[in-house]
Amino acid sequence: MQAVKQILVPIDFSDVSRAALESARTLADACGASLHLIHVLGDPLAPPDVLGREQQDACVRLAALLDERDRTTRGATASCVPGTPAAEIVRYAAEHTIDVIVMGTHAHGPSFRMAAGSIADAVLGLAPCAVLAVKAPHAVAAGDFDPE
């Protein structure tokens, strides 16, 4: 794998995307990499006034996730865009020469994945770079996994 200098973290404001951000911060510190946060508004067909308010609110929430160290040491940026999440994440990664995407993956069962697919699965299949999938913090609780 090439040197990691640019890390993209898709944020949907869930606990698992926040866990992915923490993992990305650790990786950025270890590699001296920059962080890019992106939030994709999932309804590009919403009326412009509604989309504008949603985008503004999301941008404020996204910026609030960045701490002082993100802005200074990690050179973090935040972007809010309308569109289809997987497509916009992949597009952003290609346009910004991202080295790795660190994203959360929700612990849905196989029937959900067959019916609805997964944004993480789609990104993994289309990304122009490595993808690190971070599971939900509660995905495997004590007693839920028996290695034998």
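Values quoted throughout were computed directly from the atomic coordinates according to the rules given, and no laboratory measurement underlies them. Since we're looking at a predicted model, the values are computed, not measured. Here Cβ is always computed from backbone atoms with ideal geometry, including for glycine, and neighbour counts include all displayed protein chains.
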Inter-label distance, nm, simple model (7 Å from Cα along the C-beta direction), ALA30/ALA63: 3.2
Rounded Å value of the spacing that divides the Cα centres of segment 10-31 and segment 65-90: 11
For segment 63-72, 3J(HN,Hα) per residue [Karplus equation, 6.51 cos²θ - 1.76 cosθ + 1.60, θ = phi - 60°, Hz, x = Gly/Pro]: 4, 5, 6, 7, 9, 4, 5, 4, 6, 8
Spacing of the two label points (7 Å from each Cα toward its C-beta) at SER79 and ASP121, in nm: 2.6
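Run the numbers for ASP15 and THR72: contour at 0.36 nm per residue of separation, minus the present Cα-Cα distance, in nm.
Residue separation times 0.36 nm, minus the Cα-Cα distance, leaves 18.1 nm.
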Under the Karplus curve 6.51 cos²θ - 1.76 cosθ + 1.60, θ = phi - 60°, whole-Hz ³J(HN,Hα) for segment 17-23, x wherever Gly or Pro sits: 6, 5, 5, 5, 4, 5, 5
